[in-house]
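S.K.: Just passing along the structure, written as C-alpha cells.
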Amino acid sequence: MSDIKLTSNTARSLEYGKILEILTTYAVSDMAKEMCKSLLPSDKIEDVYKWQYETDAARVMTAKRKSPGFSGVYYMTDIVARANVGSMLLPEELLRVSALLRNARFVNEYYENVRGSVIDYIFDEVTPNPYLEEKIDSSIISADKIADNASGELFAIRRRISAEELKIRESLNNLIRSKSFAQYLQEPIITVKNGRYAVPVKSEHRREIAGMVLESSSSGSTVFIEPASVIEANNNIKVLLGKEKAEIERILYALSAEVSSFGDAIDKTSKALAKLDFIFAKAAYADEINAVMPVLKTEIGFDFKKARHPLIPKDKVVPTDIAIGKDCKMLVITGPNTGGKTVSMKTAGLLCLMLQSGLHIPAAEGSFASVFNNVYTDIGDEQSIEQSLSTFSAHMTNIVKILDVADENSLLFFDELGAGTDPVEGAALAVSILKYLLERNITTAASTHYPELKLFALETKGVQNASLEFDVETLRPTYRLITGMPGRSNAFAIASRLGIREDIIENSKKELSESSVKLESIIAKLDEKRKKLETELIEAERANIEAQKIKKQCETLRADIEQNTDKEMKKALEKARKVADDVKYMSDKLIDELIEIKKQKDKEEFAARLEKARMSLKGKLDEIDNVATPDKEEIDDGYVLTRPLKVGDTVKIKGLDGIFTVKGLKDSKGLVTVLSGNILTKVAESRLRLTEQPKKEKKVMSASIKRDSGKGKMELDIRGMTVLEAEAEVDRFIDSAVAGNLNVVSIIHGKGTGALRKGVHEMLRSNPSVRTFRLGTFGEGEDGVTLVEIK
C-alpha cells in the first residue's frame, strides 16, 4: 500500500481533514477512531478497488441487518504483551478482555447470516472464546470487586471474615446497649477506624473502658476505642484480609496466564474488530450523505455527475457536473465572483481524495475517476504577513513548488491563476503556465476572470472552457457549471440592472478593445444557442419519458394477455383431464355391468346396455374434442409443420403438456386424430407440433400362447388387451387346455390397474371347466399371473 503524501496546503484548501473528523464520529472504538483520523488516500488502484468494495459490502450488510456493533473493542497488544511476560493483569484489564470476547461472539453470530462478501477475510480473523469470557465474567464483578465464587478458597476466607465481623458486632452491640457502658459513649454506634472496629467514647471517660485508642476526633472531645473484648477478633480479620488479598492475586495471575495462552488470537481479534468498525463507519457515513461507489478507470481523468460538496448542507448544496478526461486534459472555469468556481474545483478535488481513501462519493450513479498519484492545489488567499509576501507572491511561491513535483499522473487545481498583479502580465503568465502543464500532459483545472484564458481554451486542443451560469434577471448565480461554454463577464448587464445610466454603459463599451468586443459577441451567441439547445433537449427528454411510459403500458398489457391465455390453457387442460377420468370410471363400470349381464345370458339386454355405454362414451370423447380444440381464436405463434403429418408421428398440442401419437390424418374439418394413453381425440392441425421423436414399435394387441411340451403346461399372454378383447381369447384357451388334457395353465394379464385381472377372474368363476384358480407366487409372476386348475 502506498499513501499519497498530501501537502498541508492541499489538505487544508480541500478540507479533507474535516471529512475525517466527521468520519470519526461514526466509529465506535478508540482504535477505529484513530484509523479514521489517520486515513490517507492511496495512489494504488488495487488498494482503492479493495477499499471501495469493502465499504460497499458493509453498506449491503447494514441495509439487511444493520451494523454488528463494536462497543466492546479495545486495544489488546499491550495487555497481551504484559500477560506474556508473566505480569498480573488488573481486574479492569481482564474485564476489557472479556468485553472484547463478548463482542467477538456477537460479531461471529452476525457473520453467520452475512457470509459471502469481500470482507469475509476480516470476519474470519475474529475468534470468540466463550471459555475465557465466562471464566473472567464469573470471577470479576467489577474493577474493584472479585466474585466470592472465583475460587473455593476465596469463598471460605470471606465466610470466616463474615463470621468474625458478626462476632465483633454482637460483642459491641452488647456493650453499647449496656447501661453502665452507654454513659461513657459519645454516640451508641459501631464504627471502623484503620480497618478495625471501634466505638466513639467521650474523651473524659477514655480510662473507663479497657481497650486500645485508634483515633481521636479533630475537636478532641471524642476518642475511638477498640474494646479489649474484640481485639483478638479484629486481629483475626486482619490475618484473613491478608489471605484474601493473596488469594485474589493468585486468581488474577491465573486469569492472566489464560489470557497469555490465547494471546495471539485475542490480539488478532482486537485488530480485526477495529478494522470492521472502521469499514462500517465508512459505510455509515456513505449512507448519511447518500453516496455512491464510483467506477474506477485506468485512463487519467474524472467525470462526476451531479456531484455535491459533502460539507455543504443538503438543503443548500447545488449538484454540479464536472469532468476532465481523454479529450480534455485541462478545464478553464470562468464566471462571476461568488458564483461557485472555487466550490466546483474543491468538490472535484475533495471527491478524488475521498474515493482514493475508500470512501463513497456524493454523486450520481455512473460517476467515475482514475487514481492520481497526488493532488496539488493553489486555492484561497495565501498572503503571508510573517514572510512579507503579497497575495501574488504567495501564490507564485506555492505554484513553483507544484510545478517542481507534478507529473502526468497528478491532478492540479488553480484558483484565479495569475491574479493579484497587473492584468495584462498576470494573464500572459497564466497562459504560459497552462501551456507548460499541457505540454507535460498534466490534468489541470483553473478558474479565471481573464478573457485571454477563455481565448486560449477556445483555440487550444485538449483545453475546454467551462462557466458558472449567472441569472442577469435576478442578479444571482445559479451555481450550474456548463462545460464547453466560456463565461460572460455580465458587468454591463449587471450595471444596467442596478441603474447605471445607459450613456455611461455605451461609452464603457467603446473603451473595450476590438478583440474583447468580438469575444463577448461570440460568447453571447454561443450562450443563446446553448439555451436553445437546452430547451430542445428538455422537450426531447419529456417526449422520451412519455414514449417510455407508453411502452411500459404496452408491455404490461401484453403480459396480461399472455397471462390470461396461459390461464385459459390450464383450465382447458384441467377440464380434459377431468373428462378423461370420467371416461375411465365409466369404462370400468361398463365392464363390470357387461360381466354381470353375460352371466345372465340375456343377449338383448347386453346389446342395449352396450349401445347405451357406447353413446355415453362418445359424448365424453366429443367433450374432450371440444376442450382440445377451442372455438376462440388463439394468438398465432408462427409455427409451421416442417413436413406433412404421418400416422404414427409423435406430436405435442399447443397449450397442453404430454406427448400424443397421430392415429388419423386431417379430415374434411381440418382435424387430426391423436391418441394419448387409451383416449382418442381430434385436434386442429394448426395446434400440433412435431416432436421428431423416434417412433416406438407398435404393440400388437394379440394373445400369445406358449406350450412347454416337457411339463405339459400352457400360458396365455393377454397383456395390453381390454376385458372384452380378452374374453374370447380366455374362452378359447380354456377349451384348448381341456382338449389337451392339461391340469394347470397360466394366464399372464399383468399388474396394471387391476381391471384386466378382475375381468379374467370373473370369467374363470363362470367357466364350468375351471376347478380353481389363484394368483402366482414369488417366481411365478406374482399378481401379474393367474394359475388355473382344469377339471
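The values are calculated or read from the model by the stated rules, or taken from the named source; none is laboratory data. This structure is a prediction, so every number in the text was calculated from the model and none was measured. So basically every Cβ, Gly included, is an ideal-geometry build from the backbone, and we count neighbours across all protein chains shown. For the accessible areas, the whole protein counts, side chains as well, though only heavy atoms, and no ligand, DNA or RNA atoms are used. Shrake-Rupley method; radii C 1.70, N 1.55, O 1.52, S 1.80 Å.
S.K.: For region 112-152, give me the residue count where each residue is in contact (Cβ under 8 Å) with a residue 40 or more places away in the chain, in a helix (DSSP H, G or I) and under 24 Å from ASP267 (Cβ atoms).
M.R.: 6
Per-residue answers, yes or no, for (1) surrounded by fewer than 14 Cβ atoms within 10 Å (Cβ to Cβ); (2) modelled with pLDDT under 85:
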{"residue": "VAL431", "(1), (2)": "no, no"}
{"residue": "GLU439", "(1), (2)": "yes, no"}
{"residue": "ALA446", "(1), (2)": "no, no"}
{"residue": "GLU452", "(1), (2)": "no, no"}
{"residue": "LEU455", "(1), (2)": "no, no"}
{"residue": "PRO477", "(1), (2)": "no, yes"}
{"residue": "ALA491", "(1), (2)": "yes, yes"}
{"residue": "LEU498", "(1), (2)": "yes, yes"}
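S.K.: Another one. For TYR74, which of the numbered conditions (1) within 30 Å of LYS50 (Cβ to Cβ); (2) crowded, with 17+ Cβ neighbours inside 10 Å; (3) touching a Phe, Trp or Tyr at 6+ places or on another chain (Cβ under 9 Å) fails to hold?
M.R.: (3)
S.K.: May I ask you to list the residues in region 217-254 that are out of contact with any helix residue (DSSP H, G or I) (no Cβ under 7 Å at 6 or more places or on another chain) and hydroxyl-bearing (Ser, Thr, Tyr)?
M.R.: Matches in region 217-254: SER217, SER218, SER219, TYR253.
S.K.: A follow-up question, please. Quick one: which residue in SER260, SER229, SER256 is among the polar types (S, T, N, Q), farther than 16 Å from MET354 by Cβ and surrounded by fewer than 18 Cβ atoms within 10 Å (Cβ to Cβ)?
M.R.: Sole residue among the options that is among the polar types (S, T, N, Q), farther than 16 Å from MET354 by Cβ and surrounded by fewer than 18 Cβ atoms within 10 Å (Cβ to Cβ): SER229.
S.K.: Determine whether ASP622 is more than 28 Å from ALA726 (Cβ to Cβ), at pLDDT below 75 and open to solvent by 40 Å² or more (accessible area, probe 1.4 Å).
M.R.: no
S.K.: For LEU417, all conditions in the list (1) surrounded by fewer than 22 Cβ atoms within 10 Å (Cβ to Cβ); (2) assigned to a loop (DSSP other than H, G, I, E, B); (3) on the phi < 0 side of the Ramachandran plot hold save one; what is the number of the exception?
M.R.: For LEU417, the failing item is (1).
S.K.: Which of the residues that make up region 29-43 are open to solvent by 20 Å² or more (accessible area, probe 1.4 Å) and assigned to a helix (DSSP H, G or I)?
M.R.: Result: ASP30, MET31, LYS33, GLU34, MET35, LYS37.
S.K.: When you scan region 296-305, do you find a residue that is among the small types (Gly, Ala, Ser), in contact (Cβ under 8 Å) with a residue 60 or more places away in the chain and in contact with a Pro (Cβ under 8 Å, 6 or more places away or on another chain), even just one?
M.R.: There is no residue in region 296-305 that is among the small types (Gly, Ala, Ser), in contact (Cβ under 8 Å) with a residue 60 or more places away in the chain and in contact with a Pro (Cβ under 8 Å, 6 or more places away or on another chain).
S.K.: Provide a single number: the residues in region 726-744 that are touching a Ser or Thr at 6+ places or on another chain (Cβ under 9 Å) and open to solvent by 40 Å² or more (accessible area, probe 1.4 Å).
M.R.: 3
S.K.: Scanning for something more than 17 Å from ASN9 (Cβ to Cβ) and outside any loop (DSSP other than H, G, I, E, B), does region 363-374 turn up at least one residue?
M.R.: Yes, that holds for at least one residue.
S.K.: Please enumerate the residues belonging to region 731-771 that are assigned to a loop (DSSP other than H, G, I, E, B) and either touching a Cys at 6+ places or on another chain (Cβ under 7 Å) or among the hydroxyl-bearing types (Ser, Thr, Tyr) (or both).
M.R.: Result: THR753, SER769.
S.K.: Among the listed residues LEU481, LEU437, identify the single one that is under 25 Å from SER370 (Cβ atoms) and part of a helix (DSSP H, G or I).
M.R.: LEU437
S.K.: Just checking, how many residues over region 745-768 are in contact with a strand residue (DSSP E or B) (Cβ under 9 Å, 6 or more places away or on another chain) and open to solvent by 60 Å² or more (accessible area, probe 1.4 Å)?
M.R.: Count: 2.
S.K.: Is at least one residue of region 5-28 open to solvent by less than 50 Å² (accessible area, probe 1.4 Å), in contact (Cβ under 8 Å) with a residue 24 or more places away in the chain and within 25 Å of ASN113 (Cβ to Cβ)?
M.R.: Scanning region 5-28, I find at least one residue that is open to solvent by less than 50 Å² (accessible area, probe 1.4 Å), in contact (Cβ under 8 Å) with a residue 24 or more places away in the chain and within 25 Å of ASN113 (Cβ to Cβ), so the answer is yes.
S.K.: Can you go through VAL60, VAL73 and tell me which one is touching a residue at least 40 places away in the same chain (Cβ under 8 Å), part of a loop (DSSP other than H, G, I, E, B) and closer than 22 Å to TYR26 by Cα?
M.R.: VAL73
S.K.: Does PHE470 count as surrounded by 14 or more Cβ atoms within 10 Å (Cβ to Cβ) and either out of contact with any Leu (no Cβ under 7 Å at 6 or more places or on another chain) or in a loop (DSSP other than H, G, I, E, B) (or both)?
M.R.: Yes.
S.K.: Could you list, in sequence order, the residues of region 100-121 that are among the aromatic types (Phe, Trp, Tyr) and open to solvent by less than 30 Å² (accessible area, probe 1.4 Å)?
M.R.: Within region 100-121, TYR110, TYR111 meet the criteria.
S.K.: Sticking with this one: Testing LYS316 on (1) open to solvent by less than 10 Å² (accessible area, probe 1.4 Å); (2) of a type outside the set (Val, Ile, Thr); (3) out of contact with any Asp or Glu (no Cβ under 8 Å at 6 or more places or on another chain), one condition comes back false. Which one is that?
M.R.: (1)
S.K.: Taking the criterion of being modelled with pLDDT of 95 or more and outside any helix (DSSP H, G or I), would at least one residue in region 274-281 satisfy it?
M.R.: No, region 274-281 contains no residue that is modelled with pLDDT of 95 or more and outside any helix (DSSP H, G or I).
S.K.: Using the structure shown, decide if LEU429 is in a strand (DSSP E or B) and without any contact (Cβ under 8 Å) to a residue 40 or more places away in the chain.
M.R.: In short, no.
Matching residues to (1) closer than 16 Å to ILE237 by Cβ; (2) open to solvent by 40 Å² or more (accessible area, probe 1.4 Å); (3) of a type in the set (Lys, Arg):
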site	(1), (2), (3)
LEU172	yes, no, no
LEU185	no, no, no
ILE189	no, yes, no
TYR197	yes, no, no
LYS202	no, yes, yes
ALA210	no, yes, no
SER219	no, yes, no
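S.K.: Still on this structure, please answer the following. For region 83-99, how many residues are touching a residue at least 40 places away in the same chain (Cβ under 8 Å) and open to solvent by 70 Å² or more (accessible area, probe 1.4 Å)?
M.R.: Residues in region 83-99 being touching a residue at least 40 places away in the same chain (Cβ under 8 Å) and open to solvent by 70 Å² or more (accessible area, probe 1.4 Å): 3 in total.
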